[in-house]
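The values are calculated or read from the model by the stated rules, or taken from the named source; none is laboratory data. This one's a predicted model, so the numbers in the text were calculated from it and none came from an experiment. Here the Cβ is made from the backbone with ideal geometry for all residues, glycine too, and neighbour counts use every protein chain on show. Quick note on the areas: whole protein, heavy atoms, side chains included, nothing else; ligands and nucleic acids left out. Shrake-Rupley method; radii C 1.70, N 1.55, O 1.52, S 1.80 Å.
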Number of protein chains: 2
Amino acid sequence: VADLFQGQLRPVDVAILGDRIVGLGTYQGRTTIDCAGEVLLPGFIDGHIHLESSSLTPLAFAEAAVPHGTTTVMVDPHEIANVAGLRGIRYLLQASAHLPLAFCFTVPSCVPASSLETSAARLSAQDVVALLREPRVVGLAEMMNVPGVLSGAEEVLSKIVATGERVIDGHCPLLAGKDLCAYRAAGISSDHESSMVSEGQEKLSLGFHLMLRCGSAAHNLDLLPSLLNPYSLAHLSLVSDDVTAVDLVHNGHLDALLRQAVSLGVEPLQAVRMVSLNPAHHFGLRQLGALAPGYQADIVTVKDLHSFAVTRVLKAGTLVYEHGGRCVPLPPPVAPPACLLRSVRAPYLQPESFRVRSPRREVAVLGLVPGQILTRRLQLPLPREDGYLRSDPERDIAQVTVIERHTGTGRLGHGFVHGFGLRRGAFGMSFSHDAHNLIIVGMNATDMAEVANQLIALQGGIAVCGEGRSASLPLPIGGLLSPHSAGEVSAGLTAIQSLLNHFGVHVSDPLTALSFLALPVIPELRVTDYGVIDVASQEVIPL
Amino acid sequence: VADLFQGQLRPVDVAILGDRIVGLGTYQGRTTIDCAGEVLLPGFIDGHIHLESSSLTPLAFAEAAVPHGTTTVMVDPHEIANVAGLRGIRYLLQASAHLPLAFCFTVPSCVPASSLETSAARLSAQDVVALLREPRVVGLAEMMNVPGVLSGAEEVLSKIVATGERVIDGHCPLLAGKDLCAYRAAGISSDHESSMVSEGQEKLSLGFHLMLRCGSAAHNLDLLPSLLNPYSLAHLSLVSDDVTAVDLVHNGHLDALLRQAVSLGVEPLQAVRMVSLNPAHHFGLRQLGALAPGYQADIVTVKDLHSFAVTRVLKAGTLVYEHGGRCVPLPPPVAPPACLLRSVRAPYLQPESFRVRSPRREVAVLGLVPGQILTRRLQLPLPREDGYLRSDPERDIAQVTVIERHTGTGRLGHGFVHGFGLRRGAFGMSFSHDAHNLIIVGMNATDMAEVANQLIALQGGIAVCGEGRSASLPLPIGGLLSPHSAGEVSAGLTAIQSLLNHFGVHVSDPLTALSFLALPVIPELRVTDYGVIDVASQEVIPL
């Protein structure tokens, strides 16, 4: 049994009564689970995750994550909030009850994230207050509106005040110095965006709880060995932020982060603290994160502290997973409200809608940065055809178009992107941070229109078309989530990835990369239904 | 500036606005305090202290402790609660407001502590609930009723339930194994009674926050080096529990503990964590315990991390102490309620009241253990005079008598004690755990009666009489507290100590030792107004 308070393994029995651990020692129970030769760890806690990035419902996510030892996730339902506001969040609250994995929630603090894209919903300070009253809501989610905090914007401050004594999570990539101090002084006590050791050190020294990410989108775990010492140990967590169904099925969840941390030289039980006791402390959940009397009996057994191969999971005292099989029946799926099932409100499009003119010789092009969600601003000349700007497969430049899908305007914003490797066809999806409009990348207008019309017909999803071939994954719940299992979603994504590769795409996770291209709060260039956005100046750059 | 999150000193300015730290870096302010060459630490927090052991009012305690860097104390007002119940606690709450030292309170959980002594007050579960609503009350104080917890006594459980999400402090000397597990499983999350490394290790492994004491009564700091590692660092605090005015004036408070921890080889900033961030975390006080933006500006400047010589103290952004002098006016003292000023209700006594007969050849004698508050049970023959048992200075055996002073019965309980070294005269006091009846030790009935009558005349205090000489310190507030300063109280105590030494007393702190002799919850023998108590069997042993 892992003793995270002293960093040792102890050969003892764990006595459980109801949902609690009541003893460590030598016990006889009515029921005995023999774990000889295995290591008992506290159930893993993901301190920051956007469930929607998995494309899974809470039920399907639980089914896929529990076998990897996850017993609690702190969900920021930011995506569904942008699509369906309070109703979207209440659906997730309802759909995540009574599962063998505890879903706690933070209330999205920045919906909409930007006025430079059209989103469906707005969460007011009043909505935030209403949600903070829900039992599984533990605080305010990542405060991305850094300028709003620094300028003391009234709506931002009223949300912070409403959170009271609960946690306010942060999101402040590259923020430093006096601005970082002011942001911390506003009561924001965590950050999960550090990408450099010096950034992590500055944030630690200012009292931030540092969440290091290793999800499907961003990888910052390599900072860990440089940041870890006896003082910082209690102030570090490992989180996924975003994890796709493919990664969940093939790599795992927090168990994968543990393997990676250990491979970086971190002591196994120190790594375990970062996915158990530390996030529990950060959120003030005194009954979670350790194996000791009084703690909730969330227990994971693993073969060893190297593979972290999970053999068994107990949630609140109940054996929910053992040796490859589920031990408890899952509740039936919760039906989404009608508004979530009719969330793509856009007219069918002709190829002409995707043709773009420009008076300029050079246009601003979004430059992908491999492995990061930042983009670089490129200024490049583009070929023309009949007076229209044209994609250029030879120079790896594709058109990217966003179609407003919430309010029925059908507004299109166009731009160009470098770095996908696409040579033929088009692909697109309705999962596109943060407003989740339709975003489509393509080499020609015909295929782009075909992808758009497929997404509209599916009422959301992911599609790739070209040369008479196509692959798609429907995401009919808010245009974000599939009603199917992680395995089915993973298979669908793999088929899409395979066709994308056939069309020349070489970035390792093109869908995640695409999903961030419309987010006008991350440097340097983005594209929304208003067109290309310069993030620094928060202005539209005309083509 | 100490960075407790990474264990380093950083050469930065601390920006303060109002009561908060708002920045670390390079700042210009309206007012500047030049701390060049000194080290800035967070204000020291005592996680567990009985104010009454200092014999000081909150005002006088603050005046004496602030110059030693203390900015917050977690007071368990157990003594005044035994004497005056709710009214006593409310007096301390009122008298501790608006001082340059923050007094937080835990609600006494065990008043009375025992039915084997007569106390003035009872705190019901209802009273506990009422007190938990007060703003500076942070939890339930040390749960000494271990048998009550283990047997699931309804009144004990109702107090635990009433505490809700707040902290329940523990008190479980030598408790181990399944009993310790059950005690922890009841929600009790700290202990400050560990006296052995193995005891501390077991408690840490079961999830207890371990408070190591170095007060005037008990000294357990030597366990620290064996218990400290990167995992346990966050789960250890240093506390005083009991500190006398003499120690406070001459040795200091938490600064003395820091000096001692460092002399034991502990890294200075790890020791500092144990009197700042760690106790703050334990009590869920997120705004206390570190120097970072958003934290309350409780700051101590010290000359170095070896002497911990305090040069300056800021409380909530205000400079309250600098270079030997107070910087802010203190509020006027709060007048105690009348019930506290007339708390000794006992008739004047003749020497005959102190004469004891016994049919036995040998009697049970309380054996002091140097440096500990435990006693050993001795079985010794006593000399007789006119048929009465007699003290025996040659064999270091003195009579000890407790006089009920709350309800007016004037009931006397007699016993004998070995180990004070007293050869002549008598001494006694009205501060006597937990019921705070009058307790008197002496070599003859005449001097014992003289001490008793002085204590009654003073309406509480400490007195020593013999051979025509006497010394006394009045404690007229509940028989526990002096209205005077720490310096005056310390001088009074020193005069008493000096006369006690003249009378042969050789134990290092005879008054503290005496104050615990009536506490029938600490092994092995005690004496109360009912006579000698066998703690294990909870029975009176007839002389």
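Taken over region A:1-24, the criterion of being open to solvent by 10 Å² or more (accessible area, probe 1.4 Å), farther than 21 Å from B:LEU228 by Cα, in a strand (DSSP E or B) and of a type outside the set (Lys, Arg) is satisfied by A:ASP13, A:VAL14, A:ALA15, A:ILE16, A:LEU17, A:VAL22, A:LEU24. Looking across region B:147-165 at every residue that is touching a helix residue (DSSP H, G or I) at 6+ places or on another chain (Cβ under 7 Å) and open to solvent by 20 Å² or more (accessible area, probe 1.4 Å), the one that is nearest to the other protein chains (Cβ to nearest Cβ) is identified as B:LEU150.
A:ALA141 satisfies every condition listed in (1) open to solvent by 50 Å² or more (accessible area, probe 1.4 Å); (2) modelled with pLDDT of 95 or more except (1). Could you please let me know if A:ARG377 is of a type in the set (D, E, K, R), modelled with pLDDT of 95 or more and in a strand (DSSP E or B)? Yes. How many of the residues making up region B:396-429 are surrounded by 24 or more Cβ atoms within 10 Å (Cβ to Cβ) and charged (D, E, K, R)? Qualifying residue count, region B:396-429: 1. Just one of the listed residues (A:ALA280, A:ALA245, A:ALA218) is buried (at least 24 other Cβ atoms within 10 Å of the Cβ), closer than 29 Å to A:PHE516 by Cβ and touching a Gly at 6+ places or on another chain (Cβ under 9 Å), namely A:ALA245. Looking at region B:320-344, which of its residues are under 30 Å from B:LYS303 (Cα atoms), in contact (Cβ under 8 Å) with a residue 60 or more places away in the chain and open to solvent by 50 Å² or more (accessible area, probe 1.4 Å)? Matches in region B:320-344: B:GLY324, B:ARG326. Within region B:499-509, can one find any residue that is crowded, with 19+ Cβ neighbours inside 10 Å and assigned to a helix (DSSP H, G or I)? Scanning region B:499-509, I find at least one residue that is crowded, with 19+ Cβ neighbours inside 10 Å and assigned to a helix (DSSP H, G or I), so the answer is yes. Each residue in region A:200-215 was checked for being under 18 Å from A:LEU264 (Cβ atoms), open to solvent by less than 20 Å² (accessible area, probe 1.4 Å) and at pLDDT 95 or above, and 5 pass. All of (1) open to solvent by 10 Å² or more (accessible area, probe 1.4 Å); (2) at negative phi hold for B:SER432 with one exception: (1).
For A:PHE5, the stated conditions do not hold, so it cannot be described as away from every other protein chain (no Cβ under 14 Å) and among the aromatic types (Phe, Trp, Tyr).
Can you tell me which residue among B:ALA120, B:ALA113 is under 22 Å from B:ILE160 (Cβ atoms), at pLDDT below 95, open to solvent by 10 Å² or more (accessible area, probe 1.4 Å) and among the small types (Gly, Ala, Ser)? That would be B:ALA113, the only listed residue that is under 22 Å from B:ILE160 (Cβ atoms), at pLDDT below 95, open to solvent by 10 Å² or more (accessible area, probe 1.4 Å) and among the small types (Gly, Ala, Ser).
Put simply, of B:HIS48, B:HIS98, B:HIS78 the only residue that is open to solvent by 40 Å² or more (accessible area, probe 1.4 Å) and more than 21 Å from B:ALA309 (Cβ to Cβ) is B:HIS98.
When region A:361-395 is filtered for residues that are open to solvent by 30 Å² or more (accessible area, probe 1.4 Å) and of a type in the set (Gly, Ala, Ser), the ones remaining, listed by number, are A:GLY371, A:GLY387.
Taking the criterion of being touching a Pro at 6+ places or on another chain (Cβ under 6 Å) and open to solvent by 20 Å² or more (accessible area, probe 1.4 Å), no residue of region B:60-75 qualifies.
Only one of the numbered conditions (1) in a helix (DSSP H, G or I); (2) open to solvent by less than 10 Å² (accessible area, probe 1.4 Å); (3) in contact with a strand residue (DSSP E or B) (Cβ under 7 Å, 6 or more places away or on another chain) is not met by A:VAL527, and that is (1). Residues in region B:446-484 that are open to solvent by 10 Å² or more (accessible area, probe 1.4 Å) and among the small types (Gly, Ala, Ser): B:ALA457, B:GLY468, B:SER470, B:ALA471, B:SER472. Considering each residue of region A:33-40 in turn, none proves to be within 14 Å of chain B (Cβ to nearest Cβ), touching a Lys or Arg at 6+ places or on another chain (Cβ under 7 Å) and in contact (Cβ under 8 Å) with a residue 12 or more places away in the chain.
Note on region B:236-249: among residues that are in contact with a Pro (Cβ under 9 Å, 6 or more places away or on another chain) and among the hydrophobic types (A, V, I, L, M, F, W, C), the one that is nearest to the other protein chains (Cβ to nearest Cβ) is B:LEU238. Taking the residues in region A:25-56 that are assigned to a loop (DSSP other than H, G, I, E, B) and under 33 Å from the mean Cα position of the chain (by Cα) as candidates, determine which candidate is farthest from A:LEU248 (Cα to Cα). Residue satisfying both the conditions and the ranking: A:GLU38.
For region B:123-138, filtering for residues that are open to solvent by 20 Å² or more (accessible area, probe 1.4 Å) and assigned to a loop (DSSP other than H, G, I, E, B) leaves 5.
Elements of the type strands (runs of 3 or more DSSP E) sitting completely within region A:380-463 and holding at least 3 residues that are within 25 Å of A:GLU52 (Cα to Cα) and not β-branched (Val, Ile, Thr): these cover A:426-429.
Contact annotation: residue pairs with Cβ atoms under 6 Å, 6 or more positions apart or on different chains, pairing a residue in region B:119-132 that is polar (S, T, N, Q) with a partner that is surrounded by fewer than 20 Cβ atoms within 10 Å (Cβ to Cβ), are B:SER119/B:PRO112.
Here's the yes/no breakdown for (1) within 30 Å of A:GLY85 (Cβ to Cβ); (2) touching a helix residue (DSSP H, G or I) at 6+ places or on another chain (Cβ under 9 Å); (3) not acidic (Asp, Glu):
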site	(1), (2), (3)
A:ILE299	no, no, yes
A:PRO331	yes, yes, yes
A:ALA338	yes, no, yes
A:VAL344	yes, yes, yes
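Please work out if A:GLU79 is in contact (Cβ under 8 Å) with a residue 24 or more places away in the chain, part of a helix (DSSP H, G or I), of a type outside the set (A, V, I, L, M) and touching a strand residue (DSSP E or B) at 6+ places or on another chain (Cβ under 7 Å). When the stated conditions are applied, A:GLU79 does not pass them.
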